[in-house]
Structures are given as C-alpha cells and as structure tokens.
1. If the requirement is being modelled with pLDDT of 95 or more and in a helix (DSSP H, G or I), which of these qualifies: L16, L57?
2. Filter the range 19-54 down to residues that are of a type in the set (S, T, Y) and open to solvent by less than 70 Å² (accessible area, probe 1.4 Å) and give me whichever is modelled with the highest pLDDT.
3. Please work out which residue is least open to solvent (accessible area, probe 1.4 Å), limiting yourself to the range 1-12 and to residues that are touching a helix residue (DSSP H, G or I) at 6+ places or on another chain (Cβ under 9 Å) and at pLDDT 95 or above.
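The values are calculated or read from the model by the stated rules, or taken from the named source; none is laboratory data. Since the structure is predicted, the reported quantities are computational estimates derived from the model, not experimental observations. Here the Cβ positions follow ideal geometry from the backbone for every residue, glycine too, while neighbour counts run over all protein chains shown. Surface accessibility is based on the protein's heavy atoms, side chains included, excluding ligands, DNA and RNA. Shrake-Rupley method; radii C 1.70, N 1.55, O 1.52, S 1.80 Å.
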Amino acid sequence: MPTDLEQIATIKSQTLARMVEITAQPKPSYDIDGQKVDWATYLKQLQTTVAWCDDQLGGAEPFEQVTQAGT
C-alpha cells in the first residue's frame, strides 16, 4: 500500500495531467438547463489542489536553513 506522501504525489501528478488536458483545448464556460460548467473556476480548483499537494510534500521533506552570524 502506498504511503500518504506517495498518494499525495499521485494526486498532484493526476491533477497536473488533467490541467494539461483542459488547457490544451480550452472550452468556454456555459449554462444549459440549469447545469453550469465554469472551466476557469475548475482550473483554479485544480491549481489549488496542486498547491495543497506542494504544501504537504514540502512539509515532509527535510530542510536546511543557512544562516550567517554578523561580525
């Protein structure tokens, strides 16, 4: 079973792939019979998902902070 971080990486990869699909052939937003499809909002939601994945993955990585003492 994949770890949580592996699952988050998979979610990010799938979301980026979906973003490639919808931006390769952009479609207009529309409203038909009460069903509204807003592609710009959908793209923003996907971008938010990628940012969340980045936050989760970045928080799990070890980091190094370089400082320099003044003289």
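1. Result: L16 is the single residue among L16, L57 that is modelled with pLDDT of 95 or more and in a helix (DSSP H, G or I).
2. Checking each candidate, the answer is T49.
3. By that ranking, first place goes to I8.
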